[in-house]
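Accompanying notes for the structure given below.
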Amino acid sequence: MRGWIDRLKKVHMLSIITTFLVIIVCLIAVLINRQKEAKQASENSYNMAFYELVDYVQNVEVYLAKSLISSTPEHGAETLTNLWREANLAQAYLAQLPIESQELENTERFLNQVSDYSYSLSRKNIYDESLTDDDLKNLKDLHSYSVELENVLNQLSDDLNTGRIKWNELSNKGQVAFAQQVSTSALDGFSSLEENFHEYSGLIYDGAFSEHLTNSEKKGLTGEDIDEETAKQKVMEFIGKDKVKEIQNLGFSENATVPEYNFSIKTAEENNISISISKKGGHIVYMNSNRDVNTEVISQEEANQKGKEFLSNHGFKNMKETYYLKRDGVVTINYAYIENDVVVYSDLIKVKVALDNGEVLGIETTGYLNNHTKRDVSKIKISKEQAKKTLNKDLQISSEGLAIIPTEYQTEILCYEFKGKVDDRDFLVYINAENGREEDVLIITDTPNGTLTM
């Protein structure tokens, strides 16, 4: 009887183990199936993005061709607006592909430039201006490149259709897999694109240009390259040798907006200061102190003057305070460069001033170092009175002058700057001094902590 019970227990245990193994096998099968489905869904998603990219690049080529033969500003504006839209959509689908490759990076740069350039030219047409010979030449060059790009993408499409390219494999292996799997004809096509891209990648025109995708010239960086030890000496001079207790090198930032040496300082008062010095010329790029400020004694006007004197003592002449923001006993003031009574908003420096004793606790000069150069401020073709005719009739003007304003495309425009009120709200209106166009409108907001613009 007992033996029968033991055998029954063994059979029961074996059944449990078998059931457990069957469940595990089923779960593995389900997981594998789901993984295959997810992989297939991902592959389908990438394929869809690629074929959408191909379609939109074809549309870009078509609209570039149409832009070359548009005879009226009205039709040209419509064509260029469509071109701008199609280039943006192509960029969106290109961004969804799971690979980082130099060839595809150049495609992205091309689409960016087409988008920005077409937008700029469409504005010309909107203002009833015809395209110049240089504009048409640039469009022709872009069209030639778009035809080549379209052909290469079609070759890449063949690689996808034959199964030579698997997006999931490319996403894991990156550029090496791209070079190994893409057909020779497609790679040769990409090499040709690379060569031709460099022929026009420096395209310059009046208006929008996506220089943010290239290594733009640092116009305000002057002087020869310095080494780390020289940078360290400049730090000591900037802070004051008698104030420095310890100094530590934090390394060189080669890929920063301005290549710079970075240091950390402990002062005699046990305050910590971070500071950066540019490799080219040894200019101060950034400085910030962590000192606490518990009282506010000096006025905003005094802080403005302290900041301006500090800048002048360190070689930044002719700076004017513009907007500011107060927080925790410290005011951050924006200073813009003044050239022949023209406010140059591109050449911007930010200064932090302590409101207990007027000590400068921080400075950031990136805008100035990127943009500062001699400007031609003689291109004034309309008078101030003519510019005023463009303004809203309800604007009650309180101040007026000339200013150079930067655009989102890293270009600059010489404008008349009008400050005034409409319905108790303060505005800044910028009218192009060459053609009388309204370039920008800003709302000035006064808060308990500062003056800001939106």
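The values are calculated or read from the model by the stated rules, or taken from the named source; none is laboratory data. This is a predicted model, so every value here is computed, not measured. Every residue, glycine among them, receives a Cβ derived from its backbone with ideal geometry; neighbour counts consider all protein chains shown. For the accessible areas, the whole protein counts, side chains as well, though only heavy atoms, and no ligand, DNA or RNA atoms are used. Shrake-Rupley method; radii C 1.70, N 1.55, O 1.52, S 1.80 Å.
Structure notes:
- Check: region 50-100 dipole with +1 on Lys, Arg Cβ and -1 on Asp, Glu Cβ, in debye: 100
- Two-site FRET efficiency, Glu78 against Glu439, from Cβ-Cβ distance with R₀ of 25 Å, rounded to 0.05: 0.60
- Over region 301-393: Kirkwood hydrodynamic radius from C-alpha pairwise inverse distances, Å: 14.7
- On a per residue basis, region 279-318 carries 59 Å² of accessible surface, using protein heavy atoms and a 1.4 Å probe.
- Nearest-0.05 FRET efficiency for Glu301 and Asn271, computed from C-beta distance (R0 30 Å): 0.70
- Cα-based shape type of region 347-454, given that a ≥ b ≥ c are square roots of the gyration tensor eigenvalues and the cut on a/c is 1.5: oblate
- The loop-placed trypsin sites (Lys or Arg not before Pro) in region 334-427, going by DSSP, that have at most 12 neighbouring Cβ atoms within 10 Å of their Cβ come out as Lys374, Lys379, Lys381, Lys389, Lys393.
- Computed lengthening from Leu68 to Ser378, 0.36 nm per intervening residue step minus Cα-Cα distance: 108.3 nm
- When each of Lys306/Lys350; Lys137/Lys219; Lys320/Lys421; Lys124/Lys389; Lys241/Lys352 is checked by Cα-Cα distance, pairs over 19 Å: Lys137/Lys219; Lys320/Lys421; Lys124/Lys389; Lys241/Lys352
- Residue-wise HN-Hα couplings along region 56-63, as the Karplus relation 6.51 cos²θ - 1.76 cosθ + 1.60 with θ = phi - 60° gives them from phi, are 6, 5, 4, 5, 4, 4, 5, 5 Hz; Gly and Pro carry x.
- From phi via Karplus (6.51, -1.76, 1.60), per-residue ³J(HN,Hα) for region 246-253 in Hz, x at Gly/Pro: 9, 9, 10, 7, 9, x, 10, 9
- Residues Met48, Met319, Met236, ordered by accessible area of protein heavy atoms at a 1.4 angstrom probe radius and largest first, appear as Met48, Met236, Met319.
- Compared with the direct C-alpha span, the chain from Gln386 to Asn255 gains 42.6 nm at full extension, assuming 0.36 nm per residue.
- Heavy-atom accessible area order for Thr365, Thr162, Thr295, largest first, 1.4 Å probe: Thr162, Thr295, Thr365
- Of the residues Thr230, Thr222, ranked by 1.4 Å probe accessible area with the largest first, the sequence reads Thr222, Thr230.
- Portion, in percent, of the accessible area of region 241-325 that falls on carbon or sulfur, probe 1.4 Å: 41
- Amide H partners (placed H, <5 Å) of Leu402, local residues excluded: Val343, Glu417
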